[in-house]
Each structure stands twice: as structure tokens, then as C-alpha cells.
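Asks: One structure coming up, written as C-alpha cells, with questions to follow.
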Amino acid sequence: MATNATRARALSAREERAWDGYRRMQSLLSSQLNRQLIQETGLSHADYAILSALLAAPDHRLRGLALRCEVQWEKSRLSHHLGRMQTRGLVLREDCVEDSRGAVFRLTEAGRAAVEAASDDRVAAVRTYLLDLLTPDQLDALSEISGAVLARLAQDDPHRRAVAELARGV
């Protein structure tokens, strides 16, 4: 909460338009991409995020902490979702050899097939609803904006950044 010394100044009309446009775009775009992905592949955006992270990982395996950092979820949300994905045969939970308290999650063949099959649909939807609408200059600006915001968020959360760096190794 802001104190008198740190009270934020009000948004200008220009800033309000930019913030409101971003907020609405992010919400509607996320909903549209999720809805379309489910309809075309049976995978939710959450499923796709987890499966993609495992597909990109060495040996298609990640420790729970690394996966949590990758998808930026709370521990209980990830645990519940992984349980549902295990039931569907998309991921497998294994004991961590290096740390008996930890778990490693592995992509199953069914999970790999599902994420690979969904990949083209996902790319097509991202192109249709975002990338193909932008000029090359707008695309560069979007990359710069994303980079600046992500750098600021990492700067404000050194613990998350350190955990993510440490957790990358399986």
C-alpha cells in the first residue's frame, strides 16, 4: 500500500488508455487462445504450458520446483494440476534421486504426442489473434516492451530469479 511519501501519481488519460487496452487485450487474448486450444486439441493453456516446459527440458524431466518456476504457479495449484495430468497419462511423477523430499515430473509418450499435435494449432492461433496483426515495427516494440517489463519484475523479485536459476538443473 502506498504511503504519503510513495503515493503514486494518477494515470494520465494516455496512460489509462494504454493500461486499459493492455489489460483487456491480455484477458481476452488469453481466454480466446485457451478456448480455441481446448476445442481443437483437448489441452488447456495450463496443460500446454506444463507439457511444453517438460518437452523443452533435458530428458523431458523437471524437478517440481523448476517446473513451478517455469510456469510461475503456486505450489498447490501446480500439484493439483499435475495430479489431474497424471490421471490422464500426460505426465509421470518420479522420486528425485538427488533429494528424497523432491519429485521429478517426466513427460510421457502420450504427453509428448499431445503437445506436439497441439503445437501447430497453438502457433496458428497466436498468429491469427496477435502476430499477423502487427507490423514488423510493432512486433519489435512488443518485444522491447515485454523485455522491459520482465526485467523490472525480475529486479523486484530476486528470490524468484535465484530459485529459477538454481532449479533449472534436474
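The values are calculated or read from the model by the stated rules, or taken from the named source; none is laboratory data. Everything numeric in this text was worked out from a predicted model, so none of it was measured. With ideal geometry, Cβ positions are generated from the backbone for all residues, glycine too; neighbour counts draw on all protein chains shown.
Asks: Quick one: Q86 ticks every box in (1) closer than 23 Å to S31 by Cβ; (2) in contact with a Phe, Trp or Tyr (Cβ under 9 Å, 6 or more places away or on another chain); (3) not aliphatic (A, V, I, L, M) bar one, so which box is it?
Replies: Of everything listed in (1) closer than 23 Å to S31 by Cβ; (2) in contact with a Phe, Trp or Tyr (Cβ under 9 Å, 6 or more places away or on another chain); (3) not aliphatic (A, V, I, L, M), Q86 misses just condition (1).
Asks: Pick from R112, R93, R127: which is modelled with pLDDT under 95 and either at positive phi or among the basic types (K, R) (or both)?
Replies: Working: R112 fails: modelled with pLDDT under 95; R127 fails: modelled with pLDDT under 95.
Checking each option against the conditions leaves just R93.
Asks: Restricted to the range 137-170, and to residues that are of a type in the set (S, T, N, Q) and at pLDDT 85 or above, which residue is farthest from the chain's Cα centre (by Cα)?
Replies: Start the filter on the range 137-170 by keeping residues that are of a type in the set (S, T, N, Q), which leaves 138, 143, 146, 155.
Still in the list and also at pLDDT 85 or above: 138, 143, 146.
On the way: Q138: 22, S143: 16, S146: 14 Å.
Applying the filter and picking the extreme gives Q138.
Asks: Does the range 51-60 include one or more residues that are closer than 17 Å to A114 by Cβ, surrounded by 14 or more Cβ atoms within 10 Å (Cβ to Cβ), in contact (Cβ under 8 Å) with a residue 40 or more places away in the chain and out of contact with any strand residue (DSSP E or B) (no Cβ under 9 Å at 6 or more places or on another chain)? Even if it seems obvious, please write down each step before you answer.
Replies: The first filter runs over the range 51-60 and keeps only residues closer than 17 Å to A114 by Cβ, leaving 51-57, 60.
Narrowing further to those that are surrounded by 14 or more Cβ atoms within 10 Å (Cβ to Cβ): 51-55, 57, 60.
Checking the rest, the ones that are also in contact (Cβ under 8 Å) with a residue 40 or more places away in the chain come to 51-52, 54-55, 57, 60.
Add one more test, that the residue is out of contact with any strand residue (DSSP E or B) (no Cβ under 9 Å at 6 or more places or on another chain), and what stays is 52.
Looking for residues that are closer than 17 Å to A114 by Cβ, surrounded by 14 or more Cβ atoms within 10 Å (Cβ to Cβ), in contact (Cβ under 8 Å) with a residue 40 or more places away in the chain and out of contact with any strand residue (DSSP E or B) (no Cβ under 9 Å at 6 or more places or on another chain), one finds at least one in the range 51-60, hence yes.
Asks: Kindly evaluate S100 against the criterion of being over 30 Å from A124 (Cα atoms), out of contact with any Pro (no Cβ under 9 Å at 6 or more places or on another chain) and either among the charged types (D, E, K, R) or free of Cβ contacts under 8 Å to residues at least 60 places away in the same chain (or both).
Replies: Numbers: over 30 Å from A124 (Cα atoms): yes; out of contact with any Pro (no Cβ under 9 Å at 6 or more places or on another chain): yes; either among the charged types (D, E, K, R) or free of Cβ contacts under 8 Å to residues at least 60 places away in the same chain (or both): yes.
The answer is yes for S100.
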